[in-house]
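Undergrad: Quick one: the structure is below, and I'll ask about it shortly.
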Amino acid sequence: MGESILLLAHTLADGSLPKPAWETLTAAKTLAADLDGAPLTIGLFGKSVSAATAALGGVGASKILSVASPHLSDARYATDTAAAEAIAREAAASVIVMPATSRLSRIAAGLAQRLGGRADTHATGLSVTDRAPTVSRWYYRQRMVADIQRQHRPWVITVDPGSFPAAEPAAGATTATEVSVAFPDALQRTRVEGFQSPPGSQQTIRPDAALLFVAGAGWTKKQRDGQQHLAEAEALILGFLAKSGASLGSSKSLADQTGEGHAVLTFMSHLNQVGQTGSTPRHPKGLATCCHGEEPHVVGWRFINERRAINLDPNCGWAHGKADVLYVADAFEVMKRVNELL
């Protein structure tokens, strides 16, 4: 029996698709084509799906299934899983591909359990080997990559954002087939009371930024005059982030200082950490400043396309031979000049 593919995604408040869904559409279409033209179904759920349906009319899906309901306006495990399960059963697909958004990552394992299937998460590649779907993903803090195949179906796969180029919307004459789902009170016991988020000026983690700026522990150390310059460091870094729109990363040593009683940058937290036990961000370019140590940044920056560093030590383990471009200079002086130019 041949494979069939289901792209399952949720919509945003305005009924459109988030960017990771368009990236996963590329993965699903490529997988379907490599499987000798396996049928591709698109499943959508959310408060409204009209905008997404209109944008997907010409992408070449065999059909579009949808569940639209006010009960799906907010992310909630019980209602989201019920909608996803109904779509999956209607599609009867052997491979279910979803973007690894927080909303879908939360329900992936539960969806697979309800369908009697299996789940693999954080896929960074989808291919076909010996006429069988193959998932590529990284293990052990992005140090090892594995290719996975499964015989069990259905197979639920979540695809990490940034792993594939985003597909272009293609409007076309199409209508979505509505799938009936009941949302009894038992599924609505969890309520979203509201959202809390920092002001835009304080938001330092920007996944879609073109540049990742990583600060190391050197910013908090004594400088050439024998003194610490934390206030100046904060002003330079925040000034650069505001002017450039870059995302902020932190070395593990700098993030750890918060819990060790050392002088810290007040806006830095473990959420900013990249490398070692931190995240592995994907940005076109990266700039490391006052960072030391080879492995953390090689691992954490594996998916950065162009890596540059500012360091007074030309033989630093991270900078020497690991950065594409090394500026042997004082990061304070360099960033001050960069901010002036910006």
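The values are calculated or read from the model by the stated rules, or taken from the named source; none is laboratory data. Predicted, not measured: the structure shown is a model, and the values here were computed from it. Ideal geometry is used to build each Cβ from the backbone, glycine not excepted, and the neighbour counts take in all protein chains shown.
Undergrad: Inspect the stretch 165-186 for any residue being part of a strand (DSSP E or B) and at pLDDT below 90 and give the result as yes or no.
TA: The initial filter retains those residues of the stretch 165-186 that are part of a strand (DSSP E or B), namely 177-178.
With at pLDDT below 90 added as a condition, the list becomes none.
Within the stretch 165-186 (the criterion being part of a strand (DSSP E or B) and at pLDDT below 90), the answer is no, since none of the residues qualifies.
Undergrad: Just need a number here: residues in the stretch 240-256 that are at pLDDT below 90 and part of a helix (DSSP H, G or I).
TA: Number satisfying all stated conditions: 5.
Undergrad: Given the conditions (1) closer than 26 Å to Glu232 by Cβ; (2) at pLDDT 75 or above; (3) within 28 Å of the chain's Cα centre (by Cα), and given that Thr280 satisfies all but one, which numbered condition is not satisfied?
TA: The one condition Thr280 does not meet is (1).
Undergrad: Name the residues in the stretch 44-59 that are over 12 Å from Asp14 (Cα atoms) and without any contact (Cβ under 8 Å) to a residue 60 or more places away in the chain, would you?
TA: Residue satisfying the conditions is Phe45 alone.
Undergrad: With respect to the numbered conditions (1) within 17 Å of Ile157 (Cα to Cα); (2) at pLDDT below 95, which one is the sole condition not fulfilled by Leu8?
TA: (2) is the only condition that Leu8 fails.
Undergrad: Within the stretch 161-172, restricting attention to residues that are within 24 Å of the chain's Cα centre (by Cα) and under 23 Å from Ser4 (Cβ atoms), which residue is surrounded by the fewest Cβ atoms within 10 Å (Cβ to Cβ)?
TA: Taking the stretch 161-172 first, the residues within 24 Å of the chain's Cα centre (by Cα) are 161-170.
Right, trim to under 23 Å from Ser4 (Cβ atoms) and you get 163-164, 167, 170.
Working: Ser163: 22, Phe164: 23, Ala167: 20, Ala170: 11.
Top of the filtered list is Ala170.
Undergrad: Given (1) touching a strand residue (DSSP E or B) at 6+ places or on another chain (Cβ under 8 Å); (2) part of a loop (DSSP other than H, G, I, E, B), where does Ile237 come up short, assuming only one miss?
TA: Status for Ile237: all satisfied but (2).
Undergrad: When you scan the stretch 17-43, how many residues do you find that are part of a loop (DSSP other than H, G, I, E, B) and buried (at least 19 other Cβ atoms within 10 Å of the Cβ)? Please lay out each step first, then the result.
TA: Step one: of the stretch 17-43, the residues part of a loop (DSSP other than H, G, I, E, B) are 17-18, 35-39.
With buried (at least 19 other Cβ atoms within 10 Å of the Cβ) added as a condition, the list becomes 17, 35, 38.
Here the count works out to 3.
Undergrad: Still on this structure, I have one more. I'd like to verify a number: residues in the stretch 87-105 that are under 25 Å from the mean Cα position of the chain (by Cα) and free of Cβ contacts under 8 Å to residues at least 60 places away in the same chain, how many?
TA: The total comes to 2.
Undergrad: Just one of the numbered conditions (1) more than 24 Å from the chain's Cα centre (by Cα); (2) farther than 26 Å from Ala171 by Cα is not true of Gly60; which one?
TA: Unmet for Gly60, out of (1) more than 24 Å from the chain's Cα centre (by Cα); (2) farther than 26 Å from Ala171 by Cα: (2).
Undergrad: Whether any residue in the stretch 298-306 is touching a strand residue (DSSP E or B) at 6+ places or on another chain (Cβ under 8 Å) and at pLDDT 90 or above is what I want to check.
TA: The answer is yes; a qualifying residue exists.
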